[in-house]
Amino acid sequence: MGDQIDALAERFRRSYRREPVGVWSAPGRVNLIGDHTDYNEGFVLPIALAQRTWIALAPTTGATSRYTSVQADESMAVEREAEPGAVRGWAAYPAGVAWALRQDGHDVPALNVMIDSTVPVGAGLSSSAALECALALALCDLLSLELDPTDVAMIARRAENEFVGAPTGAMDQVTAMHGRAAHALAIDCRSFDVRPVPLVLPGRGLELVVLDSRTPHALVDSEYGERRRTCQEAASRLGVRALRDLEPAALKAALTRLPDEKMRRRVRHVVSENARVLACTGLLAAGGDPREIGSMMNDSHASLRDDFEVSAPRLDVAVTAAQGAGAAGARMTGGGFGGCVVALAEGSRADAVVAAVTEAYAQRGWERPTRIPATPSAGAARVR
Ligand code: ADP
Ligand code: MG
């Protein structure tokens, strides 16, 4: 990691012909269980990854910021006072963070920024939140703002929702800020209360296997919006603020009050998924064997596939192959329609799980899935 930081600082010097004032970083994340629960004000259980985004930065005089990323072809000039809609492409993510802080009344100077990342971009492991949170923390330090990590996460989220225009929940940013080594984070997406629970893997002979399905993305945004609207409508028909307020015991009766089968299935997913997250959280918090969350991961996948209908053939095939190769549990993770699959397996079975998924893809003529190491890791921090 030291090498990465040195290399980034050196790139900064070469590009901007000056010294950075510091280097900050924030991690990507993978969600163990709890998908499409966040915008229903429910529960999620992600881990922060060891893969991170690093930012070196210095304030500059004038009206123009410059953002440069090793992962992007072009260095971008952005007006210091750019408003939503004014910035196209990847620079909207960092420019949005500066904008969100200005919205809160902070005097954010023009910036020189250099970015590098080991989080795969666009794979569903939240390279966007890693970038936003690294910069948000950097700017808080630069401006001597004493914000707690959840407040920083909310600034990052606002950048993504209002400046970039992606209507996501706050799980990604909260995870990037609060990550902890050897822990998963039990997050209540209503209060944003965060409770780290032990997730000891190698010590228990286990490994998390994350595979990027490399599904060509299609229709993701419109389908996501449709699911959100359906959940909202169901909540209002049931007279609750959000589906999180529907207890499993009240589900059966509630379903009879909904107008169609599709809406009933959507609600059943959210309510059952929240219950699974709480059960996994309770198990890990009590120091239980992580293997025991495997069956709930399997149930979660079936629910996302059949009730919420956000899976995809490449996700289903990967999950089935992983389960067949002896994984304790496997599921799609993230918004769906593509992205990654997460499996929990005996360390001794991990290679066999990957091989089984790779073989199943090869048989269908699909691109080889990419294996991504997943180790529960620390959250955003200043690193220099
Ligand atoms: P994910 O967050 O799952 O990786 P998103 O579509 O939410 O996928 O965010 C990916 C986008 O974030 C990229 O298309 C790019 O605009 C921006 N981004 C993320 N990381 C970087 C980076 N290191 N350099 C430049 N842009 C980045
Ligand atoms: Mg993202």
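Values in this text are rule-based calculations from the coordinates and carry no lab data. Not measured: the values here are computed from a predicted model. Because the Cβ atoms are built from the backbone with ideal geometry, glycine has one as well, and the counts that use them run over all protein chains shown.
Out of every Cα-Cα pair in the stretch 238-362, what percent are more than 22 Å apart?
Values: 3270 of 7750 pairs.
Of all Cα-Cα pairs in the stretch 238-362, 42 percent lie more than 22 Å apart.
Counted residue by residue at 0.36 nm each, then reduced by the alpha carbon distance between them, the extension gain from T61 to E10 reaches 16.2 nm.
Ratio of Rg to Rh for the stretch 185-284, alpha carbon only, Kirkwood? Can you show the working numbers first?
Working: Rg = 16.9 Å, Rh = 16.1 Å.
We get a ratio of 1.05 for the stretch 185-284.
When the P(r) of the stretch 310-384 is calculated, the portion above 18 Å amounts to 42% of the C-alpha pairs. At q = 0.13 Å⁻¹ the log10 of I(q)/I(0) for the stretch 155-233 amounts to -0.63, computed by Debye summation with a single uniform scatterer per C-alpha, solvent ignored. Rounded to the nearest 20, the Cβ-based charge dipole of the chain about its Cα centre (Lys and Arg +1, Asp and Glu -1) stands at 300 debye. Between Q103 and E81, the simple label model (points 7 Å from Cα in the Cβ direction) yields a spacing of 1.8 nm.
Determine, for L125, L143, the number of other Cβ atoms within 10 Å of each Cβ, and report the residues in order from fewest to most.
Details: L125 27, L143 14.
If I rank by nearby Cβ atoms, fewest first, I get L143, L125.
Rounded if a/c is under 1.5, else prolate if a/b beats b/c, else oblate: with a ≥ b ≥ c from the C-alpha gyration tensor eigenvalues square-rooted, which is the stretch 338-382? In terms of gyration-tensor shape, oblate. For the chain, modelled as a GNM with alpha-carbon contacts under 10 angstrom, which of R244, R18, R291 fluctuates the most? Comparing R244, R18, R291 in a Gaussian network model of the chain, the most mobile one is R18. Over the C-alpha atoms of the chain, the Rg to Rh ratio, Rh being the Kirkwood estimate, stands at 0.98.
At each listed q (0.10, 0.20, 0.21 Å⁻¹), what is the log10 of I(q)/I(0) that the Debye formula gives for the stretch 64-208 modelled as equal alpha-carbon point scatterers? Evaluating at q = 0.10, 0.20, 0.21 Å⁻¹ gives log10 I(q)/I(0) of -0.36, -1.24, -1.34. Ellipticity at 222 nm from helices only: DSSP H runs of n ≥ 4 in the chain, each -39500 (n - 2.57), divided by the residue count, give -12000 deg cm²/dmol.
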